[in-house]
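Asks: One structure coming up, written as structure tokens, with questions to follow.
The values are calculated or read from the model by the stated rules, or taken from the named source; none is laboratory data. This structure is a prediction, so every number in the text was calculated from the model and none was measured. All Cβ positions, even for glycine, are placed from backbone atoms using ideal geometry, and neighbour counts span all protein chains on display. All accessible areas refer to the heavy atoms of the entire protein, side chains included, with ligands and DNA or RNA removed. Shrake-Rupley method; radii C 1.70, N 1.55, O 1.52, S 1.80 Å.
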Amino acid sequence: MTPSKSVRISGSHCLGPVVVNKEIADVPVSGVLEILTNDPCAKEDLRVWAKFTKNEIVKIEELGDGWMRFWILRKR
């Protein structure tokens, strides 16, 4: 899977929807936003955000040392 855009967000706690909305705006519909983060709240926050915005988390990968990778499909 090749992302349309990749963003690394570190040191953040509770990844805000404003940040994710800003980043996904640069991704074309049917494109993928890759987020690399060490935010411990990211799993739950991004799941809620995706459901609310009708986008789709297609993959979550645990990278170790608290880092995670999310692939988000922009659906609208």
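Asks: By DSSP, what percent of the beta bridges with both residues in the chain are antiparallel, rounded to the nearest 5?
Replies: So the antiparallel bridges amount to about 70 percent of the total.
Asks: Have a look at LYS22, LYS54, LYS43 and tell me which one the Gaussian network model of the chain (Cα, springs below 10 Å) gives the largest fluctuation.
Replies: LYS22
Asks: Please identify, among GLY11, GLY64, GLY31, the residue showing maximal mean-square fluctuation in a Gaussian network model of the chain using a 10 angstrom Cα cutoff.
Replies: GLY64
Asks: Using a 1.4 Å probe over the heavy atoms of the protein chains, calculate the carbon and sulfur portion of the accessible area of the chain as a whole percent.
Replies: 53
Asks: Another question, then. Helix-only mean residue ellipticity at 222 nm, the chain, DSSP H runs n ≥ 4 weighted -39,500 (n - 2.57), per residue, nearest 500. What is it?
Replies: Result for the chain, helices only: -7500 deg cm²/dmol.
Asks: Local charge sum around SER6 (other residues, Cβ-Cβ under 15 Å, Lys/Arg +1, Asp/Glu -1)?
Replies: Within the 15 Å Cβ shell, the charges total +2.
Asks: Bins of 10 Å, beginning at zero and ending with the bin holding the largest distance: percent of Cα pairs per bin for the chain, please.
Replies: 21, 61, 19, 0
Asks: Leaving out ligands and nucleic acids, and using a 1.4 Å probe, what accessible area per residue does the chain come to in Å²?
Replies: 60
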